[in-house]
Each structure stands twice: as structure tokens, then as C-alpha cells.
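Down below is the structure, laid out as C-alpha cells.
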Amino acid sequence: MIIHKRVATLTRDLDRYRRQGKIIGFVPTMGALHEGHLSLAERSRHDCDITAVSIFVNPKQFNDPEDLIKYPRPLEADLKMLLEQKVDIVFVPEVEDVYPPGLNTKIDFDPGPASRVMEGAFRPGHFDGMAEVVHRLLDIVRPDKLYMGQKDFQQLAIIRQMISDLHMPIILEMCPTLREPHGLAMSSRNTRLSENARKEASIIYTTLTEAQRRFEEEEPVAAIKRDAMETLSKAGFEPEYFEIVDGLTFQNVDSYADSQYVVALCAIRVEGIRLIDNDIWIRKE
Ligand code: AMP
């Protein structure tokens with residue numbers, strides 16, 4: 001495993017692999033790695049000749065400065081996990097490498113409906129910063145395949161739109177959400193929860209599952225969403241939203257009957273930490 005801190009040495013290394021005709025897979029992360037991140041790297045290793053993982057806590061996508069300061073950065077442990085996962089290349093840039101003074105890294109594209117609702121509404125500026133860094137990293141790494149998690153469903157939809165609108169020759173693969181034994185979606189932020197909250201947070205997934213059961217029984221969607229919000233609040237998890245939307249248009253879904261692609265998404269706050277989760281309920285190809 002080679003660790004690159006500078007863009008120049010990374011691109012030299014990758015260019016050599018490209019000349020050899022190797023397929024390059026890329027997994028961008030913000031570190032504090034867990035099994036979820038590793039599952040993306042594993043998938044890339046399965047599909048591609050070379051797997052590159054980046055670790056970069058992108059200051060531009062934090063709308064809450066406190067969240068940026070408190071974001072965990074256990075680099076040594078991360079590198080150990082990536083070594084065990086047999087990743088080929090790790091890119092650990094500094095802010096100045098990603099955003100060199102004088103280089104305009106802003107991108108001009110309409111991130112579409114996914115950027116305007118839920119996470120887009122509750123975290124102003126977050127998706128602009130996220131798309132900017134992913135675009136910059138893709139420009140540096142130029143992978144054949146990009147691996148991202150369903151866990152960040154709106155993020156993935158925006159990157160899909162960006163790749164398509166900017167004609168980037170990259171295949172985007174969506175990887176399933178890995179969960180802790182009680183159902184809580186794995187997240188770097190989970191380490192900041194108390195032991196008790198981490199256990200109790202399984203209610204997020206059980207609420208999603210119960211809502212799915214009622215949705216499939218064609219109960220009124222408004223009542224399902226209202227009850228889900230109530231269940232979460234009563235358990236001490238302050239919900240920001242619980243929505244049931246079309247996975248492509250991000251419009252609200254009103255009934256089970258004519259739905260082709262249905263995703264339920266929610267965000268909650270507990271102990272000052274914000275957690276998101278989602279579940280795909282219907283996906284007809
Ligand atoms: P992050 O480090 O939070 O920016 O996440 C890096 C990548 O890992 C993103 O594509 C996430 O969607 C993905 N990811 C985060 N949590 C999980 C999880 N529990 N299961 C699968 N993928 C995940």
C-alpha cells in the first residue's frame with residue numbers, strides 16, 4: 001500500500017497504472033473508517049485492478065463549524081484498516097493540495113432536485129462543498145469506477161447528476177448500507193455517541209422498518225410519516241425530517257400503488273450529533 005500526500009506523486013503513480021491498462025477504482029472518504037467504508041474498498045478490489053482510497057475531511061462541506069472541529073481523525077487506525085483491506089493507494093492530502101491558492105475548484109452545474117430537499121434544506125451549502133470536493137478528487141484521481149454508499153443517498157444522486165451533466169467518463173456504483181448489529185447505520189459520527197445512545201439509536205432503523213410495513217399495507221403516507229416523527233421524538237431522538245420520496249425525482253410519494261422507486265429518508269439529532277439513514281422500499285427497473 002502506498003500512501004500519497006501530494007497530488008504530483010499520486011498522479012504519477014496512477015498514470016503508470018493507466019499506461020499499463022489497469023482499471024482504477026476510487027473510494028473517497030473523510031476517514032474515521034468503519035466496516036461500511038471498507039465494504040466499498042472491498043467492492044472496488046473485487047471489480048478493479050487498482051483501488052485508491054482518499055481520506056480528506058473537507059472543510060467546505062461542513063455547514064456547522066463545531067461539527068468540523070469535532071469530526072474524528074484517527075489516521076493511524078485508518079491506515080491500518082486500509083492496509084489489512086489490501087488497498088493499493090491511499091491519498092491523504094492537506095487542504096492546500098485539494099484547494100491550491102489560485103485554482104478555481106468551483107463547478108458549474110445544477111445538482112438537481114436531490115440538492116433542494118431534506119439534507120439540502122437542513123444543511124445549506126453542504127452539497128455545494130461536497131460536489132466541489134468530489135469533482136476535484138475525481139479530477140486528480142481520474143478513476144474508471146467510483147464507489148459510494150447508499151447511506152448518503154442524496155449525495156450519491158447529486159454526484160450521479162454531476163457525472164452525467166459534465167460528461168465524466170466514470171461509472172458510479174452504489175453500495176449498500178452496513179449496519180451495527182442492532183440496526184444503526186454505521187457512521188464515523190457513531191463513535192461520538194454515548195454507549196446508551198448508540199444502543200438506543202437502533203430505533204431509527206426499527207422506525208424505518210415499521211413505516212415500510214405500513215406503507216406496503218397501503219396506509220396513508222401522511223399518517224406514516226407523522227407517526228414515525230412522533231416515535232423518534234418520544235424516544236428522545238429529535239427528528240429533523242422523515243420523508244418518503246421518489247428515488248429519482250425526490251418528489252413526495254403519496255401512495256404505494258403506482259410507485260416505481262421509493263426511498264424513505266430521515267435525519268435525527270441526539271446528544272448534539274446528527275445522524276441520517278434511509279431505506280429503499282421499492283425499486284422496479
Ligand atoms: P464519509 O467518510 O462519511 O464521507 O463516507 C465515505 C463513503 O462511505 C460515502 O460514499 C458514504 O456513503 C460511505 N458510507 C458511509 N457509511 C456507510 C455505511 N454504513 N455503509 C456503506 N457505506 C457507507
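The values are calculated or read from the model by the stated rules, or taken from the named source; none is laboratory data. Remember, predicted model here, so these are calculated numbers, not experimental data. Counting neighbours? That spans all protein chains shown, and the Cβs are built from the backbone with ideal geometry, glycine included.
Of the residues 279, 227, the single one that is under 25 Å from residue 111 (Cβ atoms) and modelled with pLDDT of 95 or more is 279.
Residue-wise test of (1) within 12 Å of the ligand (Cβ to nearest atom); (2) of a type in the set (Asp, Glu); (3) surrounded by fewer than 17 Cβ atoms within 10 Å (Cβ to Cβ); (4) within 23 Å of residue 67 (Cβ to Cβ).
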position	(1), (2), (3), (4)
187	yes, no, no, yes
190	yes, no, no, yes
193	no, no, no, yes
207	no, no, no, no
210	no, yes, yes, no
228	no, no, no, no
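Filtering the stretch 57-78 to residues that are buried (at least 19 other Cβ atoms within 10 Å of the Cβ) and either within 9 Å of the ligand (Cβ to nearest atom) or of a type in the set (A, V, I, L, M) (or both) leaves 58, 61. The residues in the stretch 131-154 that are among the polar types (S, T, N, Q) and either more than 9 Å from the ligand (Cβ to nearest atom) or within 14 Å of residue 56 (Cα to Cα) (or both) can be counted, and the count is 1.
Whenever a residue of the stretch 31-50 is within 14 Å of residue 174 (Cα to Cα), its partners that are among the hydroxyl-bearing types (Ser, Thr, Tyr), lying with C-beta atoms within less than 6 angstrom and at least six residues away or across chains, give the pairs 37/29; 40/147; 41/51; 43/147; 44/51; 44/147. Could you count how many residues in the stretch 45-71 are over 20 Å from residue 94 (Cα atoms) and modelled with pLDDT of 95 or more? Residues flagged as over 20 Å from residue 94 (Cα atoms) and modelled with pLDDT of 95 or more within the stretch 45-71 amount to 7.
Set side by side, the residues 124, 181 differ, and just one is out of contact with any Leu (no Cβ under 6 Å at 6 or more places or on another chain), away from the ligand (no atom under 14 Å from the Cβ) and not aromatic (Phe, Trp, Tyr), which is 124.
Does the stretch 146-153 contain any residue that is part of a loop (DSSP other than H, G, I, E, B), out of contact with any Gly (no Cβ under 8 Å at 6 or more places or on another chain), among the acidic types (Asp, Glu) and in contact (Cβ under 8 Å) with a residue 12 or more places away in the chain? No, that holds for no residue.
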